Each structure stands twice: as structure tokens, then as C-alpha cells.
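The values are calculated or read from the model by the stated rules, or taken from the named source; none is laboratory data. Computed from a predicted model, the values in this text were never measured in an experiment. Virtual Cβ from ideal backbone geometry, glycine too; neighbours counted across all protein chains shown. Side chains are part of the model used for accessible areas, which takes the heavy atoms of the whole protein and leaves out ligands, DNA and RNA. Shrake-Rupley method; radii C 1.70, N 1.55, O 1.52, S 1.80 Å.
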Amino acid sequence: MQQMTGEKIELRRDVEAIQIPHGLTQTLEKGTSVVITQSLGGTYTVHVDAQGGLFRLASRDADALGFEVMESADSQPEKGPLEEQVWAALKTCYDPEIPVNIVDLGLVYSMDIVDSEGDKKVNVKMTLTAPGCGMGPSIAADAKSKILAIDEISETDVELVWEPQWEPAMISPAGKLKLGIED
């Protein structure tokens with residue numbers, strides 16, 4: 001990792017960021033002081049005192065934080081079968097509060113690709129760890145943007161659903177290992 005979390009940084013240029021938990025896009029201006037709270041899946045979660053909240057920056061905007069832009073799922077999607085590309089993109093999406101991707105957390109219930117006259121649309125049904133979790137819109141926006149970065153995809157719909165209700169047993173073995181949960 002090229003930075004320390006908790007370090008105060010001034011943005012080097014204007015940057016589009018996704019407000020957490022609302023999922024709305026907002027421009028953070030050059031010179032704004034931010035503190036990195038998490039860097040997972042090629043994105044940066046930053047706290048901005050001036051706006052009073054958390055924002056997610058895409059990996060392509062690492063230079064605004066003073067870092068080198070590294071290739072990641074949102075700048076160079078994985079090559080291979082389209083379904084594998086979509087799953088790989090989803091595995092780069094994280095709840096800003098949990099260091100395990102949404103696939104390994106068991107939050108993604110289904111993903112299907114619909115081909116209509118050459119236009120490919122991805123439909124995702126996912127949930128959250130708790131119905132009251134406010135992170136849904138930002139996680140869904142992150143998933144949508146990473147899926148749309150795949151050249152063959154023209155449209156995506158990421159739907160939050162509540163049935164079945166999520167439970168810790170849905171976490172993959174890799175996710176449990178990351179969280180220190182024993183079976």
C-alpha cells in the first residue's frame with residue numbers, strides 16, 4: 001500500500017467522488033483536506049471535514065491524492081469470459097466498513113447477463129449485512145461503475161434485495177479467513 005490511513009492529504013486537483021452512504025456524485029475541489037480511511041479494491045475511502053462525511057474515489061483518481069494511478073478493475077477490467085469479468089469486477093467492491101469484498105461476504109445473490117441484439121446488460125441482485133445499513137447506495141454505485149467499465153457491457157442494474165436475509169454463514173471461506181472467523 002502506498003499510503004498510510006489516517007494521513008491528512010490535500011487534493012491536487014478537482015475530483016469526482018461518490019458520497020457515502022448516499023451514492024451521490026460530488027466534486028471535491030483541489031486543495032480540499034482529506035483523510036484516507038480505507039484503500040481496498042482499487043478505491044480510496046476518504047473523510048472530508050469540509051463536507052462532513054465519507055467519500056469514495058476511484059483508482060483512476062489516485063493522482064488527486066498524490067499517488068501513482070495503478071491498473072485496477074475499474075481502469076483495466078480482467079480479460080476472459082464475460083461472466084468471469086463481471087464476477088472479478090464485483091470482487092473489487094467493498095463495504096467501506098468491512099475489509100472483505102461483497103462477493104466473499106455473500107452479499108451478491110445473483111448475477112445474470114442479458115444479450116439483446118448485441119447490447120449486453122448485467123443484472124445483479126445483492127443485499128447488505130443489515131437492512132438498516134446506510135451503505136447500500138454507495139456499494140451499489142461502486143458495483144455499477146465497475147461493471148460498466150467492462151467494454152462489452154452497455155447497461156447494468158444493481159438491485160438491493162432483502163430476501164433471503166443475509167447471515168454470517170453466507171461468508172465464503174476466503175472471507176471468513178480474512179475476518180478471522182472460524183467455521
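Search the stretch 8-50 for residues being modelled with pLDDT under 90 and open to solvent by 80 Å² or more (accessible area, probe 1.4 Å), and hand back the single one that is farthest from residue 160 (Cα to Cα).
8
For the stretch 91-113, name all the residues that are among the acidic types (Asp, Glu) and under 11 Å from the mean Cα position of the chain (by Cα).
Listed by number, the list holds a single entry, 95.
Kindly provide the set of residues from the stretch 159-173 that are open to solvent by less than 60 Å² (accessible area, probe 1.4 Å) and touching an Asp or Glu at 6+ places or on another chain (Cβ under 9 Å), ordered by number.
Those that are open to solvent by less than 60 Å² (accessible area, probe 1.4 Å) and touching an Asp or Glu at 6+ places or on another chain (Cβ under 9 Å): 171, 172.
Testing residue 134 on (1) surrounded by 13 or more Cβ atoms within 10 Å (Cβ to Cβ); (2) modelled with pLDDT under 95; (3) not basic (Lys, Arg), one condition comes back false. Which one is that?
Of (1) surrounded by 13 or more Cβ atoms within 10 Å (Cβ to Cβ); (2) modelled with pLDDT under 95; (3) not basic (Lys, Arg), only one is false for residue 134: (1).
Are any residues in the stretch 77-108 of a type in the set (Asp, Glu), open to solvent by 40 Å² or more (accessible area, probe 1.4 Å) and either modelled with pLDDT under 90 or closer than 13 Å to residue 38 by Cα (or both), and if so, which ones?
Scanning the stretch 77-108 gives 78, 97.
Restricting to the stretch 109-120, give me the number of residues that are open to solvent by 30 Å² or more (accessible area, probe 1.4 Å) and touching a residue at least 12 places away in the same chain (Cβ under 8 Å).
Going through the stretch 109-120, the residues open to solvent by 30 Å² or more (accessible area, probe 1.4 Å) turn out to be 109-110, 112-120.
The next check asks that each one be touching a residue at least 12 places away in the same chain (Cβ under 8 Å); those that pass are 109-110, 113, 119-120.
So the count comes out to 5.
Within the stretch 155-183, track down each residue that is within 16 Å of residue 111 (Cβ to Cβ) and either touching a Lys or Arg at 6+ places or on another chain (Cβ under 6 Å) or among the acidic types (Asp, Glu) (or both).
Across the stretch 155-183, the qualifying residues are 155, 156, 157, 158, 159, 161.
How many residues does the stretch 13-54 contain that are in a strand (DSSP E or B) and farther than 25 Å from residue 175 by Cβ?
14
Which residue pairs have Cβ atoms closer than 6 Å, lie 6 or more positions apart in sequence or on different chains, and pair a first residue in the stretch 145-156 that is among the β-branched types (Val, Ile, Thr) with a second residue that is assigned to a loop (DSSP other than H, G, I, E, B)?
Once the first residue is among the β-branched types (Val, Ile, Thr) and sits in the stretch 145-156, its partners that are assigned to a loop (DSSP other than H, G, I, E, B) give 150/77.
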